[in-house]
1. Within 10 Å of each Cβ of A:224-232, how many other protein chain Cβ atoms are there on average?
2. Give the average, rounded to an integer, of partner chain Cβ atoms located within 10 angstrom of each Cβ in B:303-316.
3. What ranking do B:145, A:223, A:127 get, fewest neighbouring Cβ atoms within 10 angstrom at the top?
4. Can you work out the PRE-style zone for residue B:177? Point 7 Å along Cα to Cβ, and I want the residues of the stretch B:115-150 with backbone N under 19 Å.
5. Would you list A:57, A:222 from fewest to most Cβ contacts within 10 Å?
6. Using Cβ contacts closer than 10 Å as the measure, can you line up A:124, B:234, A:187 from fewest to most?
7. Over all residues in A:165-173, what is the mean tally of Cβ atoms on other chains that come within 10 Å of each residue's Cβ?
C-alpha cells in the first residue's frame, strides 16, 4: 500500500505560504489541461475533516420553540482551509425549519440556527471539478442536551459533538495534486521516485488565504482535539497483548 | 365420479359410497362385494383406492336381445411371417364372429434398419477394419434383435466389443443417410448427422461409470473432500486474479499452502502444531485475497470516507467468520479498551485497527483449535490410560498441553486484565481432576512467565 506521513502538518518549513488563489490556477489549468487532468495511481490524497455541532442553551432567553442556539459545521481537522478541496457544502436541516436546505459556497462551512429539538442533519460535500465529481454524504445527529441529564445546563458551556473522518481520493488528478501539494489541509503520501510535479503556484494575496480556515474561529476554543497518537498507542498496546497470547498458544 | 367419466365407465354413483361406508362395519364378515372372497383376498384384503371395475358390473346380466355363444375358431396373426393357423375361443354374438386382426398383432413393433445395396457398400461404406461379410452379419443381427447391442455382441461371430459394433453401425447409417440425401441441408437435423457416435468417448464414459459405481464409501468421502478443497482453491485463486488485474500485490502463496493442507490426512493423529500452522496460514491467505478484492473495489470509487473504507475492510476480514466469532472479536476489543470504531480514524490508525482485528481473529481460531485438540486428547487419554506403549506419548502431550492449555480466554484474560494468581489456581484444581498430580507445582511458575514477558517487552 501507499506510504503516508502520519503527521498532519505536511511541510513544516513552509508555514502557510501556500494556498493558491483560484484565478491564477484557472489560467494555468487552461494551458496545461491535458497533463493536469491525468489520473495518478498509487498516490492517495486524504483530507482530514471534522464535522459536528455545538449547542448553547439560551437560559433565561429560552422560549418554547427556541431553547438552544446551535451551529452545525464542517471544518478541517487542524482548522485549515477546506476551500481548496471542497467547493460547496449543503446542510439538510429538519423540514420544520425555513428553507431547510442550506447551501454554503465558501468556507467557513457552517449553519447557525435556534431551535428546541434534536434531529439528524445530512451534510453533502461537493468538491471542485478537478478533485472529484461525486459528492460525499455525512450524517450528524444534532445534540442539544448533555449526556449527564441531571447536571445543570449552562449558557456558557456548549454541548459539543464532533466526528473525525478523512476523505480519501484514491486516484487524484495531477492538477489537483499540483494545486494542493503543499497545502496543510490535505495529507499526501510520499511521491514515487522520478515523479515531478509542476511547481506550486505561489500565493499572491496573503490576506485572502486566511479567510477560509477556522483557526481564529470564535468557537474554536470548544473544538475537540483529535489526536491519532493516543489511539495509535492504545492499538499498539492491544496488538502486543494479543500477539503474546497467540504465541503462547502455538 | 369424474374419473369414471374419464375412464369411460358407466355412472353408478350411489352404490359406491354406500358400499364403502358399509364395508368397514362388515369388516369381519363378508368383505368382498361382487367378487369372491378368495379373489378379494388376493388384493391383500384391502379395497383399491379407485375400483377399476364397478363391482356391480360384475353382477350385471348381459342384454337379453343378444345371444352369446363361445366357439372354438381358427385365427391368423398378421404379425407372423408364415401362415400358421391356430385356434382359440371366440365370443360369438348372434352367430356373427368378430372381425378384425388378431388383437395382439399391433404390438409387434420393430426398428427400421437401414438396408444398403452392394453398390452403396462399394461406394461409401468400405472400411479397412470391417469386411463386407461382417458388416452384413452385423446388420442382420441388428434387424433380428432390434438394436439390442449387448445381445448382438454376444451373437457376433468374431469377438468385437459393443462399442466397436455400435461405431460401425452408426457410421454406416450416417454415411448412407448422407449419401442418399439430396442436399446436406435436408438431413442436418438428423441426429445421426448432428451427433456422430464417438467411440473413445463412449469407452471412457463407461469405464468412468463403472468406477463410480464400484466405489467404496471411503473412496466416496475422500472424493468429496478433495472436490471441496479444489473448489476453495479455485475460489481463492479467482479472488487473487481479480486483485492482480487491478494492479495489486497477489497473494501467490495461496496455492502452495492450500496444497500443503490437502496433503495432510484429516483424521490421523498428528502433532498439534503441524496441523495448526497450515490452517492459520490458510486463514491468512484467504484473508489477504478478500482484502485485495476489497481494496480493488475501493479504488474504483473516486472518493470515499476513511470510516467507510475501514468498515469494508473489517467486513472482508470477518467474512470467513460466523456471527458469534465476530461478536467475540468485538468483545475482545472492548476488553482491551479499544474503541470498536476508532475515534480518530486516520490512515495509520485504521491500518492498526484492522491488523488488531485480524490478530484477534487468529487468536480466537487458535483457541478453538486448541479446545478441539484438548477434547481429542482427553478422550485418547481416557481409553489408553493403562496402556504402557502409549505412556510416553501421553506425557509428551500432557507437557504440551500444560504450556498451551487455555480453555476460553481465562488464561489470556489473567494475562491481559491482570487478575491475581487465585484465578490460575482455580484452573489448577480443574486440571488436577484427570489425575496429573505431578504437573500441578509447575503451573504457578508458568503463569508468572507470561507476566514477566509483558513487563520486559513494554
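All of the numbers you see were taken from the coordinates with simple rules; none came from a lab. Note that the structure is predicted; figures quoted are calculated from it, not measured. Cβ sites come from the backbone with ideal geometry, for glycine too, and all protein chains shown count toward neighbours.
1. Whole-number average of other-chain Cβ neighbours for A:224-232 is 5.
2. 4
3. Least crowded to most crowded, the residues run B:145, A:223, A:127.
4. Taking a point 7 Å out along Cα→Cβ of residue B:177, the residues of the stretch B:115-150 whose backbone N falls under 19 Å are B:115-117, B:120-121, B:124-126, B:139-140, B:142-143, B:146-149.
5. Result, fewest neighbours first: A:222, A:57.
6. Ascending number of Cβ neighbours within 10 Å: B:234, A:124, A:187.
7. For peptide A:165-173, the averaged partner shielding equals 6.
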